[in-house]
Structure formats: structure tokens, C-alpha cells
Amino acid sequence: MADTSLARNSAAPDTSAIQDAYLAMTRTKRMYGGIMLVIFIALMTSGFMLADSRNAGGFWDGILNIFAFPGEVLAEAREKVTLIPALMVKFFPSLIETVNIAAASTLIGGLLAVVLSLLSTRGLARFPTLVGPFRRLMDILRAVPEIVIALVLIFILGGGPVPAMIAIALHTAGALGKLFSEVNENASLKPLEGLESVGANWTQRMILGVVPQVAPNWLSYALLRFEINIRASAILGFVGSGGIGYDLKNAFSWGQGRYDEVAAIFILLFLTIVLFDQLSSHYRNKLVGKV
Amino acid sequence: MLKITKLTRKFGPNTAVDAVSFTVEKPMMIGIIGRSGAGKSTLLRMVNRLTDATEGKIEFEGRDVTALKGDAKRAWQSDCAMIFQQFNLVPRMDVVSNVLHGTLNRRSTLATMFNLYPQADICRAIEILDRLGIAEHAPKRAEALSGGQQQRVAIARALMQDPRIVLADEPIASLDPMNAQLVMDDLRRIHEEDGRTVIANLHTLDTARRYCDRVIGMLHGRIVFDGTPEQLTTGAARDIYGADAGFSETSTSTSIETLERAGVRAMRTAEAAI
């Protein structure tokens with residue numbers, strides 16, 4: 001009995017000490033949080049004011065006109081709404097070309113990204129000392145804008161879909177390689193140890209041990225990249241690689257009277273993205289086994 | 001107090017829980033035993049409303065719990081704490097924050113988003129941790145603690161809810177015998193000192209016998225045994241597990257006492273033989 005009361009007495013100041021220490025820690029955390037919030041708001045406000053003062057037109061004057069251009073496009077498209085289905089049919093072949101460029105570049109870039117990601121994940125890499133160089137290689141692939149690579153390649157190879165495909169594939173390899181390698185980091189090493197214990201080589205360990213764990217995540221990143229690449233290949237059409245981007249540029253730049261074509265192309269692009277979004281979530285669920 | 005009537009849960013063609021009925025008149029400690037897949041977890045999850053019932057009714061003090069929705073359902077969940085086999089704590093948050101999660105139902109979303117809790121709640125959380133003997137770990141991240149300590153944090157979170165009922169789904173299945181005993185002692189104390197009802201899924205018979213006032217046995221989703229621990233003979237246990245005469249408790253027991261008893265018995269037989 002005496003022992004228990006003694007133990008309680010010695011425990012009581014202990015608890016209050018822990019409470020005080022924890023409350024002090026909470027106060028410090030809250031103070032830092034508050035200071036960070038104030039700094040964040042101050043930086044955002046001052047940054048915005050600075051950018052606005054350097055702006056040619058001024059944000060507040062321009063913001064009211066933001067809907068003027070889309071409004072003009074929509075107004076003209078509404079007048080010629082009956083022509084739009086025919087225009088969509090007319091532009092459909094160029095859309096196919098654009099989607100083809102995106103698909104081929106996603107596939108080639110994705111395969112390259114798989115190899116790069118496995119070589120640049122710590123704990124999995126075939127050559128652990130070369131993890132850094134492979135990462136820097138992916139950084140370079142991501143850093144150079146695809147439009148620059150495409151312009152250089154168009155200069156060398158001439159206009160057409162192949163330079164656009166190569167340019168997008170290189171960028172895809174860098175971007176997906178980074179994402180894939182982050183997925184690989186979360187893969188469990190236990191199956192790999194199991195495969196190593198039976199004498200499997202590196203390639204076998206990667207294909208049979210890592211890929212089954214990470215494939216669903218790889219696929220969803222690759223499909224997202226495919227959507228991004230459709231848009232990128234449409235943009236590259238502006239610099240002369242064919243596809244729907246070329247038609248879009250012509251419709252835009254030849255001035256008045258072509259906004260119905262612009263509307264038709266945007267509708268086509270929107271429908272394509274929706275279609276591939278639906279397709280990709282369907283097949284991803286199938287792979288994960290949720291359907 | 002708690003009345004369950006013909007509670008059924010179907011997963012596609014499988015019936016996990018099949019027309020289960022029982023009544024709890026006064027606060028007590030109940031152990032549910034049965035082999036894996038017998039529907040014990042699904043039953044507890046339905047009481048907490050983590051899983052919806054296909055048919056049947058759960059009534060608590062005359063209120064139909066199965067029909068609750070939205071806010072009312074979350075308020076019930078706050079009254080009916082759940083402890084999981086794998087602890088289900090937020091691993092990257094500190095122990096006290098994990099315990100404070102027990103008050104989420106009473107606090108505004110905005111305040112909890114920024115981890116802002118009243119000072120009184122923080123003090124109470126640390127008092128509860130002290131009661132369970134882990135107050136010195138208060139500022140540590142939950143993932144830095146051992147399994148037994150994490151389970152006691154989970155119990156502290158349950159106590160922070162100030163619940164009427166504590167449900168424990170295999171609370172000691174991933175713990176070693178020593179920690180298992182500490183956790184079960186804590187659950188028993190929650191019942192004895194606070195007068196709360198504790199319903200625990202257990203997978204060892206000796207734990208059920210030692211700690212519970214009432215034992216319910218389930219097989220293939222049905223209740224096949226409902227009685228006091230004394231009535232739970234080896235024969236009754238064989239029926240619950242659908243086992244034959246080769247079934248022996250001591251061979252798989254994880255309790256330290258049982259091992260000792262078995263050891264003493266072995267010694268005696270050896271001595272007798274000599």
C-alpha cells in the first residue's frame with residue numbers, strides 16, 4: 001500500500017512535467033506556423049503587386065477583358081454552329097495523326113523511362129555508383145523544352161511527325177523516369193530478397209520482383225502522360241510537325257471568319273481527352289482488379 | 001443496453017455474418033471467439049458502422065444504430081470506440097496528436113486541420129497516456145513505438161472518445177505474450193474502473209476465459225456458443241472451432257501462465273514415471 005502511494009506521488013510531478021513540455025512544444029509549433037503564414041501572405045501580396053506594376057497593361061484593367069476573346073470565338077461559333085459537325089469530320093484525320101504521335105512517343109518514352117527508373121532507384125540500381133549520373137540524365141531530358149528539341153530536329157530532319165515524336169519521347173522518358181523511380185522506392189524489397197535467394201540475376205529480379213508490384217502505378221502515370229502528350233503534340237503542330245496543331249494555327253492566324261474551325265478543333269481535343277481518360281481509368285481498374 | 005437482432009451481412013454470394021442475435025443488459029466484458037473467417041470482425045465493424053448491415057438491427061438504449069446517417073452516424077461512432085489488430089494510428093504524427101484524434105467528432109474541421117486542440121484536451125490526453133504507462137513517449141512519432149506501445153496509444157485514443165462501448169478487433173493478435181497481457185489488463189481496467197462495455201474479438205481461448213465475463217463463440221457467421229467462461233469447456237471449444245478430438249488448447253496457447261502450467265504438468269508426469 002505504502003509502495004503504491006509512493007509511486008503515485010513520484011509519478012504525479014512527472015506527468016505534469018510531460019504535460020508542460022508538450023504544451024510548450026505545441027506553443028512553439030503554433031508560433032512558427034503563424035509566422036510562416038504571415039510571411040507566406042506577405043510574399044504572395046508583395047510578389048503580386050510587383051508583377052502587376054511591371055505588367056504592360058495592368059492586371060486590374062485586363063482582368064475584365066479576360067472573357068472577351070473566348071466570347072468572340074463562342075459568338076462566332078454559335079452563328080455557324082451548323083457547320084461544326086462537318087468541320088469536325090474534316091479535321092478528324094489530323095487528330096488521328098496527333099494522337100498517333102502522342103501514342104508512339106508515350107510508348108517509346110515510357111519503355112526508356114522504365115529502364116532509366118530502375119537504374120536510378122537507390123536500393124534497386126544495377127550500378128549503385130551510377131544512380132547520380134542517370135538522375136542527371138533524366139534532369140537534362142526534362143529541362144530542355146520539347147519545342148526546342150522539335151525545332152532542332154525539324155531543322156535537321158525536315159518537317160513531319162517523326163521529329164515531334166522523338167522530341168516528346170525524350171521529354172516523356174525524363175518525366176516518367178522520375179515518377180517511376182519514386183514508385184519503385186516504395187516497392188517492398190522482400191520479394192527481391194526471395195528471388196535473390198534462389199539465384200535470380202538483376203534483370204530477372206526487376207521483371208519478376210519489382211514490375212508486378214509497381215505496374216498499376218506505372219500504368220496510371222503513363223496514361224496521364226499520354227493525355228499530356230496529346231496536348232503537347234497538338235502544340236508542336238504549331239511549329240510544323242503536322243497534326244491538328246497545324247490546322248489550329250491556321251484557323252487562329254488567318255484572322256476573322258475561322259473561329260468555327262477553332263471551336264471544332266477544341267471540341268475534338270476535349271472529346272479525345274475525355275475518351276482517353278475514361279479508357280485509362282477502365283483499364284487501370286482492370287489491372288488492379290477492382291472491376 | 002445493446003440489443004442485436006438477426007444481424008446479417010452478405011458479401012456477394014458469401015454470408016459473413018448470418019442472423020446473429022444477442023443482448024447485453026449491463027456493462028460487461030465480452031469475448032468473441034471463433035476461427036478466422038467466422039465473421040467476428042465483420043460483426044464488430046457493423047456495430048461501429050464501418051460496414052453496413054445487409055439485414056437486421058442494432059439497438060443501443062432503444063435507439064436504432066443501423067439506421068443512422070451522416071452526423072448522427074459519426075456521433076455514434078464517437079460513442080463506440082474501435083481498437084484494431086494493426087493499431088491503425090497515423091504513423092507520422094506524434095502520440096498525443098493520435099490520442100487527440102479521439103475528439104475529432106466534437107471539434108471543428110478547420111481547427112483540427114491545423115492540429116489546434118484546446119489545452120485541456122491535450123492535458124487529458126497525456127493523463128490517459130500516463131494511466132496506460134506510456135506518458136514518456138508523448139512527443140514521439142507513433143511509428144517510433146513498439147507494437148505493444150502503439151496498441152496502448154490506440155487504447156488511449158479510444159478512451160479520449162469517452163465512449164460507451166469499446167470494441168476491440170483482435171487487439172493482441174500481433175503482439176508478443178508480455179505486451180498482450182498488458183493490453184488485455186488495460187482493457188479489463190477500462191471495464192472495471194470506468195464501467196464501460198468492452199467487446200473483444202480474441203483468438204486465444206485462455207485469454208477469453210481469463211478476462212471476459214461472457215464468451216460468445218461464432219462459426220460460419222452464426223453464434224454457436226453464448227455463456228460464461230466456466231461453461232467454455234474443451235468440448236465446447238471444439239464445437240466452436242469445428243475441430244476434432246486432436247484439438248488441444250495448450251499446444252497453441254500464447255499465454256505465459258498456460259505454458260508454465262503445461263510445463264509443471266510435464267514435470268509431474270515425468271516425476272511420476274520415475
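What follows draws every value from the coordinates through simple rules; no lab data is involved. It should be emphasised that the depicted structure is a prediction, and the values quoted were computed from it without experimental measurement. Neighbour counts are summed over all protein chains in view; Cβ atoms, including those assigned to glycine, are modelled from backbone coordinates with ideal geometry.
Rounded to the nearest 10 degrees, the angle from helix A:131-143 to the longest Cα principal axis of chain A is 40 degrees.
A cut-off of 5 Å between modelled amide H atoms, ignoring neighbours fewer than 5 places along the same chain, links B:Ala168 with B:Ile83, B:Ile199, B:Ala200, B:Asn201.
Note on A:Gln278 and B:Ala243: the model spin-label points, each 7 Å out from Cα along the C-beta direction, lie 5.5 nm apart. In this calculation the C-beta distance from B:Arg107 to B:Arg63 is compared with R0 = 22 Å, giving a FRET efficiency of 0.40. Estimated from the Cβ-Cβ distance and a Förster radius of 35 angstrom, the FRET efficiency linking A:Ile96 and A:Arg126 is about 0.35.
In order along the range B:116-127, phi translates into HN-Hα couplings of 9, 10, x, 4, 4, 5, 4, 5, 5, 4, 6, 4 Hz, rounded to whole numbers, per the Karplus curve 6.51 cos²θ - 1.76 cosθ + 1.60 with θ = phi - 60° and x for Gly and Pro.
The mean number of partner chain beta-carbon atoms within 10 angstrom of a residue's beta-carbon across peptide A:19-26 is 6. Around the Cα centre of the range A:69-288, unit charges on the Cβ atoms of Lys, Arg, Asp and Glu (plus for the first two, minus for the last two) sum to a dipole of about 520 debye.
Please compute the Kirkwood hydrodynamic radius of chain B from all pairs of different C-alpha atoms, in Å with one decimal.
Final number for the Kirkwood radius of chain B is 19.8 Å.
Approximating the spin labels as points 7 Å out from Cα along Cα→Cβ, the A:Ala68-to-A:Ser16 distance works out to 7.1 nm. Working from Cα positions, state the angle (0 to 90°, nearest 10) between the long axis of helix A:211-236 and the longest principal axis of chain A. The angle comes out near 40 degrees. Among the trypsin sites (Lys or Arg not before Pro) in the range B:51-117, those placed in a DSSP loop whose Cβ has at most 16 other Cβ atoms within 10 Å are B:Lys69, B:Arg92, B:Arg107. With each label modelled as a point 7 angstrom along the Cα→C-beta vector, the B:Arg92-B:Lys140 pair spans 2.0 nm.
Taking other residues whose beta carbon is less than 12 angstrom from the beta carbon of A:Ile84, and scoring Lys, Arg as +1 and Asp, Glu as -1, yields -1. Using the Cβ-Cβ distance between A:Phe59 and A:Val38 with R0 set to 25 Å, the FRET efficiency works out to roughly 0.60.
Pairs with C-alpha atoms separated by more than 25 Å, drawn from the list B:Lys26/B:Lys57; B:Lys40/B:Lys73; B:Lys73/B:Lys140, are B:Lys73/B:Lys140.
Residues of the range A:171-189 falling in the label zone of A:Ile140, defined by backbone nitrogen less than 14 Å from a point 7 Å along Cα to beta-carbon, are A:171, A:174.
Kindly put A:Thr82, B:Thr66 in sequence by how many other C-beta atoms sit within 10 Å of each C-beta, fewest to most.
By the 10 Å Cβ count, ascending, the order reads A:Thr82, B:Thr66.
Rounded to the nearest 500, what is the 222 nm mean residue ellipticity of the protein assembly as shown from helices alone, with -39500 (n - 2.57) per DSSP H run of 4+ residues and division by all residues? Computed mean residue ellipticity for the protein assembly as shown: -20000 deg cm²/dmol. With the charge dipole of chain B set up from +1 on Lys and Arg Cβ and -1 on Asp and Glu Cβ about the Cα centre, the Cα lying farthest toward the positive end among the listed residues B:Val224, B:Val20, B:Ala154 is that of B:Val20.
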